[in-house]
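Worksheet for the structure shown next.
The values are calculated or read from the model by the stated rules, or taken from the named source; none is laboratory data. What you see is a predicted model, and the numbers here were worked out from it, not measured in a lab. Note: accessible area is taken over every heavy atom of the protein model, side chains too, but ligands, DNA and RNA are not part of it. Shrake-Rupley method; radii C 1.70, N 1.55, O 1.52, S 1.80 Å.
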Amino acid sequence: MKLFHRRRRTVIVALLALGLGAGAFAYAATNTVPGSTAGAGSGTISGYTISNVAYTLNATTPTNLDQVAFTIAPTAATTVKAQLAAGGSWYSCANAAGSVTCNSTSPQATVAAATQLTVVATQ
């Protein structure tokens, strides 16, 4: 009977050791995390100068504005948009070395609604 109790105790101790070993291995497992970058910085935001503004009236209905053109400096603006009234539509513009043209026909701008010219540009 003593031999049976010893074997039983040995089996229990062995199972307990095996369980503890497996648990320790689970906690010791490694994770692979890819490298990443993060950072912060600052830069100066300077404005653009708009000059030589000219409006093109529609030939058939002169109360409609078909285009606004102007000069922008610095000339390297890559995206330029114009708005002819506060809260109005934004029109995409084309910049050719500082000479900007904005078609204002979709939706059609009108002389009466054109109360201010707002230009936004990025480089």
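Computed quantities for the displayed model
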read-out	value
J(HN,Hα) series, segment 37-42, from Karplus relation 6.51 cos²θ - 1.76 cosθ + 1.60, nearest Hz, glycine and proline x	10, 8, x, 9, x, 8
Percent accessible area from carbon and sulfur atoms, segment 74-123, protein chains only, probe 1.4 Å	54
Under-5 Å amide H pairs with residue 104, H placed in peptide plane, nonlocal only	67, 68
Karplus-derived HN-Hα couplings along segment 98-110 (A = 6.51, B = -1.76, C = 1.60, θ = phi - 60°), whole Hz, x at Gly and Pro	x, 9, 10, 10, 10, 6, 10, 9, 9, x, 5, 7, 10
Long-range HN-HN contacts of residue 111 with modeled amide H, under 5 Å	64, 65
Phi to ³J(HN,Hα) by Karplus 6.51 cos²θ - 1.76 cosθ + 1.60 over segment 76-84, Hz, x for Gly, Pro	8, 4, 8, 10, 9, 9, 10, 10, 9
